[in-house]
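Each remark here refers to the structure printed beneath this line.
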Amino acid sequence: MKRQVDYTWRLAELMARHGMNNTTELIPLLRERGIELSRPQVYRLVNQRPERVSLQMVAALCDIFGCGIEDLVTVTAADARRRKTGSTPNVVELNKAIRPKRARVISDDD
């Protein structure tokens, strides 16, 4: 069975929990740990779900907030739902009391 894996990026929650209301407050803390990012890059890092993050960045963020990776990223995994196949009939039950009369076709030769 296939598994569907997803994650939640919780950097904004960590910042709020530590009283950091502006993304720019994170810039000097990252710089102290050797990571140089511009203001727009830090804004995207905080407010958008990143697809790729270096382990150096994750380690720096965990050091800044004194947390583990599981506090920064929440991972969820579940069994993927199976697609519905044609094996289950998709038939509409008709009202049998109201049926049209069968048409009788006659030729013009008669």
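Out of the residues in segment 43-76 that are open to solvent by 70 Å² or more (accessible area, probe 1.4 Å) and among the hydrophobic types (A, V, I, L, M, F, W, C), which is farthest from GLU32 (Cα to Cα)?
Once the filter is applied, the top-ranked residue is VAL75.
Give me a count of the residues in segment 1-42 that are assigned to a loop (DSSP other than H, G, I, E, B) and surrounded by 11 or more Cβ atoms within 10 Å (Cβ to Cβ).
Residues in segment 1-42 being assigned to a loop (DSSP other than H, G, I, E, B) and surrounded by 11 or more Cβ atoms within 10 Å (Cβ to Cβ): 7 in total.
Provide a single number: the residues in segment 49-73 that are outside any helix (DSSP H, G or I) and touching a strand residue (DSSP E or B) at 6+ places or on another chain (Cβ under 8 Å).
Of the residues in that region, 3 qualify.
The values are calculated or read from the model by the stated rules, or taken from the named source; none is laboratory data. Just so it is clear, the structure is predicted and the values come from calculations on it, not from any experiment. Neighbour counts are summed over all protein chains in view; Cβ atoms, including those assigned to glycine, are modelled from backbone coordinates with ideal geometry. Keep in mind that these areas ignore ligands, DNA and RNA; they rest on the heavy atoms of the full protein, side chains included. Shrake-Rupley method; radii C 1.70, N 1.55, O 1.52, S 1.80 Å.
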